[in-house]
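The values are calculated or read from the model by the stated rules, or taken from the named source; none is laboratory data. Because the structure is a prediction, the values reported are computed rather than measured. Here Cβ is always computed from backbone atoms with ideal geometry, including for glycine, and neighbour counts include all displayed protein chains. When the accessible area is computed, the model is the full protein with side chains, heavy atoms only, and any ligands, DNA or RNA have been set aside. Shrake-Rupley method; radii C 1.70, N 1.55, O 1.52, S 1.80 Å.
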Amino acid sequence: MATEPVVSGLVVALQANFCQVQLDLPGPGGLERLLCVRRSRLGKSGQQVCVGDSVELDGLDWVARRGAIVALKPRSSLLGRPAVANCNRVVVMVALAEPDLDPLQLTRFLLTAEATAQAVELVFSKADLLPGEAVQGWLRRVEAWGYQPLAFSLTTGEGLAEIRQRLCKPGLAVLCGPSGVGKSSLLNALAPALALRVGRVSGKLRR
Ligand SMILES: Nc1nc2c(ncn2[C@@H]2O[C@H](COP(=O)(O)OP(=O)(O)OP(=O)(O)O)[C@@H](O)[C@H]2O)c(=O)[nH]1
Ligand SMILES: [Mg+2]
């Protein structure tokens with residue numbers, strides 16, 4: 001008896017009781033994503049599904065774009081908060097201004113990122129808001145800490161090609177940083193289909 005080929009994919013989002021799964025190979029009509037439930041036997045074996053998990057599916061309904069997760073593939077890593085499986089680098093993003101760059105806050109983000117034991121990258125946003133010399137000063141400062149930083153601006157486009165290259169390297173990257181530094185803006189610039197909500201930095205508090 002011929003066995004059905006296994007359909008597999010990557011969990012890209014959790015929504016209440018559902019998971020959005022990006023298929024490894026597009027389905028009929030080029031379908032790329034399915035909304036999936038988790039089979040109860042996964043829960044019984046104590047397996048929580050996380051963003052970043054590689055999963056196997058069955059119960060496929062291509063018309064309704066639905067499926068069910070029946071198995072998790074072994075993980076190479078698991079970050080705790082937020083729970084992300086198979087991440088292999090953490091990109092810490094801070095703004096050079098608006099909100100002001102606070103070295104202590106940057107250190108706390110870097111410590112948390114380093115504690116994951118994954119590769120850590122540091123990028124500076126809003127390079128348009130500081131004179132070139134001040135930007136260079138920050139780059140040199142964190143180079144002395146052992147990082148290979150990158151400064152970019154969405155306003156001028158400076159450094160955007162480089163940051164695209166870094167974020168698009170194979171593997172799974174987690175992008176983190178304080179509120180208002182431009183994470184959603186950057187992701188929208190790189191992948192406009194995401195259409196993430198972008199906030200405003202409060203004029204008084206600059207955060
Ligand atoms: N001047 C300047 N402003 C920028 C740049 N990138 C983003 N911004 C602005 O920064 C503000 C905050 O951007 P968001 O993308 O919402 O920031 P965020 O990091 O996603 O914030 P949270 O979702 O609260 O964590 C918005 O007003 C953006 O327009 C930039 O390169 N230069
Ligand atoms: Mg955001």
Pair list, Cβ under 7 Å, 6 or more apart: the range 79-106 residue under 30 Å from residue 133 (Cβ atoms), other residue open to solvent by 30 Å² or more (accessible area, probe 1.4 Å) and away from ligand 1 (no atom under 16 Å from the Cβ): 89/118; 89/119; 89/171; 90/116; 90/118
Candidate set: the range 15-32, residues that are closer than 18 Å to residue 86 by Cβ and touching a Lys or Arg at 6+ places or on another chain (Cβ under 8 Å); chosen: the one surrounded by the fewest Cβ atoms within 10 Å (Cβ to Cβ): 22
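Look at residue 201 and say whether it is open to solvent by less than 70 Å² (accessible area, probe 1.4 Å) and modelled with pLDDT of 95 or more.
On the way: open to solvent by less than 70 Å² (accessible area, probe 1.4 Å): yes; modelled with pLDDT of 95 or more: no.
Answer is no for this residue.
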Output for the range 164-198, where each listed residue is near ligand 1 (Cβ under 9 Å from one of its atoms), charged (D, E, K, R) and surrounded by 13 or more Cβ atoms within 10 Å (Cβ to Cβ): 183
Residues satisfying the stated conditions in the range 36-77, i.e. at pLDDT below 95, assigned to a strand (DSSP E or B) and of a type in the set (Lys, Arg): 38
Test for residue 99: is it within 16 Å of ligand 2 (Cβ to nearest atom), open to solvent by less than 30 Å² (accessible area, probe 1.4 Å), outside any strand (DSSP E or B) and not polar (S, T, N, Q): yes
Candidate set from the range 102-112 (those that are over 17 Å from residue 183 (Cα atoms) and more than 16 Å from ligand 1 (Cβ to nearest atom)); member that is surrounded by the fewest Cβ atoms within 10 Å (Cβ to Cβ): 104
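Residues that are within 11 Å of ligand 1 (Cβ to nearest atom), more than 21 Å from residue 88 (Cα to Cα) and among the acidic types (Asp, Glu): does the range 153-160 have at least one? Break it down stepwise before answering.
Applying the first criterion (within 11 Å of ligand 1 (Cβ to nearest atom)) to the range 153-160 yields 153-160.
From the residues that got through so far, the ones that are more than 21 Å from residue 88 (Cα to Cα) too are 153-160.
Then keep just the ones that are among the acidic types (Asp, Glu); that gives 158.
Yes: one or more hits.
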Residues that are loosely packed, with under 14 Cβ neighbours inside 10 Å and farther than 21 Å from residue 107 by Cβ, drawn from the range 123-163: 131, 132, 133, 155, 156, 157, 161, 162
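A quick yes/no check of all residues on (1) outside any helix (DSSP H, G or I); (2) among the aromatic types (Phe, Trp, Tyr):
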site	(1), (2)
116	yes, no
122	yes, no
139	no, no
145	yes, yes
148	yes, no
158	yes, no
166	no, no
180	yes, no
186	no, no
Considering residues of the range 113-122 that are in contact (Cβ under 8 Å) with a residue 24 or more places away in the chain and out of contact with any Lys or Arg (no Cβ under 8 Å at 6 or more places or on another chain) only, the residue surrounded by the fewest Cβ atoms within 10 Å (Cβ to Cβ): 117
